[in-house]
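Asker: Before anything else, here's the structure in question.
The values are calculated or read from the model by the stated rules, or taken from the named source; none is laboratory data. Predicted, not measured: the structure shown is a model, and the values here were computed from it. Don't worry about glycine lacking a Cβ; one is built from the backbone with ideal geometry, like all the others, and counts go over all protein chains shown. Note: accessible area is taken over every heavy atom of the protein model, side chains too, but ligands, DNA and RNA are not part of it. Shrake-Rupley method; radii C 1.70, N 1.55, O 1.52, S 1.80 Å.
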Amino acid sequence: MQSVGLLARALEMAGVATTLTSWNPVIRLAKPPRATLTRLNRGATLGEPHNNIQQRRVLAATLALLAQDAPLDIVHLDETP
Amino acid sequence: MEIVENLTQWSDEFEGNWLKHYQETGETLWKIYNRARNETAPGLPGIDLSQSRLLLISTAGGYVAGEQQPFTAADLLGDYTVRTFPVDIPLAQLAYAHDHYDHTAVTNDPQVLLPLNHLQEMVVEGEFGSLYPEVISFHGYQPDVRRIVNELIPTVLGMVDKGKIDGALLVPA
């Protein structure tokens, strides 16, 4: 999990804006530039299998952060299994 | 700005606690594991999504079945290598080598971790400009932060043409 946050930092430092989504609150420790946090399950980060509406909703909310200047506080999404 | 603030201190604690215990017992004792902690985050200005090319990065351990070497999922010290595959690859061609999450969901519907079809639909619908042609894939079980900083991250940065990427979406497993 921490590798994602650290890679996001490295990409941002290299000039690439980043965003990520996670179900795991420990993601905050790495201090990524932009992130959403859900209450979804490990192994199903974007939503329940075949719940395309939920998966698209998580993606849209996470990608929308790219339009904002970083760093941002982590954005909590009300997404559950 | 550093990728990891106080990496030397992190390394000393890792070697003296988690790694020492693992080397002596073969056990991964997470209650003594020190996660990397940062106080500040880097930040670039926001981008215009409608004009942006986005890179997808996944830590699900995905690889092209029958063509690429699987990740060494059983290595309790982690696998820090990287695979790439085309963003338009049929999802059925992918397999997952990662022992640290339940594969039931991703086997049932790969888009829970690798949203290739969703992202292509979003391009068609104008939600962002385009997708970088390659997906970056690795195995997210990587307890040694030094190897993340010194092996994984330089490999990823060297694999992509940063001049052709405006933004990156990272999806952990």
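Asker: Using R₀ = 45 Å, calculate the FRET efficiency as 1/(1 + (r/R₀)^6) where r is the Cβ-Cβ separation of A:His76 and B:Lys20; round to 0.05. Each step should come with its number before you reach the end.
Answerer: Details: r = 37 Å, r/R0 = 0.82.
About 0.75, to the nearest 0.05.
Asker: Okay, next question. So, with +1 on the Cβ of K and R and -1 on the Cβ of D and E, and no other charges, what is the size of the charge dipole of the protein assembly as shown about its Cα centre, to the nearest 20 debye?
Answerer: Taking the Cα centre of the protein assembly as shown as origin, the dipole is about 220 debye.
Asker: Treating only the Cβ of Lys, Arg, Asp and Glu as charged (+1, +1, -1, -1), what charge dipole size does segment A:2-76 show about its Cα centre? Round to the nearest 20 debye.
Answerer: Numbers: 8 positive and 4 negative charges, 34 e Å.
So the magnitude is around 160 debye.
Asker: Let me ask something else. Counting only helical runs of four or more DSSP H residues, what would the 222 nm mean residue ellipticity of the protein assembly as shown come to if each run contributes -39,500 (n - 2.57) and the total is spread over all its residues? Each step should come with its number before you reach the end.
Answerer: Details: 7 runs with 64 residues, N = 254.
Calculated mean residue ellipticity at 222 nm is -7000 deg cm²/dmol.
Asker: How big is the dipole moment of segment A:24-64 about its Cα centre under a simple scheme where the beta carbon of each Lys and Arg is +1, that of each Asp and Glu is -1, and everything else is neutral? Debye, nearest 20, please. Write down the numbers at each step before the final one.
Answerer: Numbers: 7 positive and 1 negative charges, 34 e Å.
Once rounded to the nearest 20, the dipole reads 160 debye.
Asker: Leaving out ligands, DNA and RNA, what percent of the accessible area of chain B is carbon and sulfur, probe 1.4 Å? Don't skip to the end; give the middle numbers.
Answerer: Details: 3640 of 7810 Å².
Heavy-atom surface of chain B belonging to carbon and sulfur, 1.4 Å probe: 47 percent.
Asker: So what is the accessible area of segment B:55-104 per residue, in Å², with the probe set to 1.4 Å?
Answerer: Working: 2110 Å² over 50 residues.
For segment B:55-104, the per-residue accessible area is 42 Å².
Asker: A follow-up question, please. Measure off 7 Å from each Cα along the Cα-to-Cβ vector at B:Asp48 and B:Glu27, then give the distance between these two points in nanometres to one decimal.
Answerer: 5.8 nm
Asker: Here is a further query. Obtain the radius of gyration and the Kirkwood radius of the protein assembly as shown from its C-alpha atoms and give Rg over Rh.
Answerer: Values: Rg = 17.1 Å, Rh = 18.2 Å.
So for the protein assembly as shown, dividing Rg by the Kirkwood Rh gives 0.94.
Asker: Moving to a separate point now. For chains B and A, what's the summed buried accessible area, probe 1.4 Å, to the nearest 100 square angstrom?
Answerer: Numbers: alone 10030 and 5230 Å², together 10680 Å².
Rounded to the nearest hundred, the buried surface is 4600 Å².
Asker: Right, something else. Any idea what angle helix A:52-64 forms with the longest principal axis of chain A, computed on alpha-carbon atoms, 0 to 90 degrees, nearest 10?
Answerer: The angle comes out near 20 degrees.
Asker: Say the dipole of chain B comes from +1 at the beta carbon of Lys and Arg and -1 at that of Asp and Glu; which of B:Asn17, B:Val64, B:Gly167 then lies farthest toward its positive end?
Answerer: Final value for the positive-end residue is B:Asn17.
Asker: Using r as the Cβ-Cβ distance of B:Gln120 and B:Leu77, and R0 as 45 Å, what FRET efficiency do you calculate, to the nearest 0.05? Walk me through the intermediate numbers first.
Answerer: On the way: r = 36 Å, r/R0 = 0.80.
Calculated value: 0.80.
Asker: So which lysines can B:Lys31 reach, going by Cα to Cα under 23 Å and dropping same-chain residues fewer than 8 places off?
Answerer: A:Lys31, B:Lys20
Asker: In addition: Mind telling me which of A:Asn51, A:Asn41, A:Asn24 comes out most flexible in a GNM of chain A, alpha-carbon contacts under 10 Å?
Answerer: Comparing A:Asn51, A:Asn41, A:Asn24 in the GNM, the peak value goes to A:Asn51.
Asker: Taking all protein chains in place and a 1.4 Å probe, what share, in percent, of the accessible surface of chain A do carbon and sulfur account for? Intermediate values should be presented prior to the final figure.
Answerer: Details: 1420 of 2870 Å².
Here carbon and sulfur together make up 49 percent of the probe-accessible area.
Asker: Please build a GNM for chain B, connecting alpha carbons under 10 Å apart, and tell me which residue among B:Pro143, B:Pro45, B:Pro133 fluctuates the most.
Answerer: Among B:Pro143, B:Pro45, B:Pro133, the largest mean-square fluctuation in the Gaussian network model of chain B belongs to B:Pro45.
Asker: May I ask for the distance between the Cα centers of segment B:17-73 and segment B:114-162, given as a whole number of Å?
Answerer: 11 Å
Asker: With each label point set 7 Å from Cα along the Cα-Cβ vector, what nm distance links A:Asn24 and B:Glu67?
Answerer: Spacing of the two 7 Å Cα→Cβ label points: 2.9 nm.
Asker: List the residues of segment B:1-27 that lose 50 Å² or more of accessible area once all protein chains are present, compared with their chain alone (1.4 Å probe, heavy atoms only, no ligands or nucleic acids).
Answerer: Residues meeting the cut-off: B:Ile3.
Asker: For every other residue with a beta carbon closer than 10 angstrom to the beta carbon of B:Tyr141, add +1 if it is Lys or Arg and -1 if Asp or Glu, then tell me the sum. Display every interim value, and only then the final one.
Answerer: Working: positive: none; negative: B:Asp75, B:Asp79, B:Asp99.
With Lys, Arg at +1 and Asp, Glu at -1, the neighbours total -3.
Asker: Please average, across the residues of B:143-154, the number of beta carbons from any other chain that are within 10 Å of each residue's own beta carbon, and give a whole number.
Answerer: Details: counts 2, 0, 4, 0, 1, 8, 4, 0, 0, 4, 8, 1.
Per residue, the number of nearby Cβ atoms from other chains is 3 on average.
Asker: Kindly state, to the nearest 0.05, the FRET efficiency for B:Thr40 paired with B:Thr107, given R0 = 35 Å and r defined as their beta-carbon distance. Mind dumping the intermediate values first?
Answerer: On the way: r = 39 Å, r/R0 = 1.12.
After rounding to 0.05, the efficiency reads 0.35.
Asker: Suppose all protein chains stay in the model; what accessible area per residue would a 1.4 Å probe give for chain A, in Å²?
Answerer: Numbers: 2870 Å² over 81 residues.
Computed with neighbouring chains in place, this is 35 Å² per residue.
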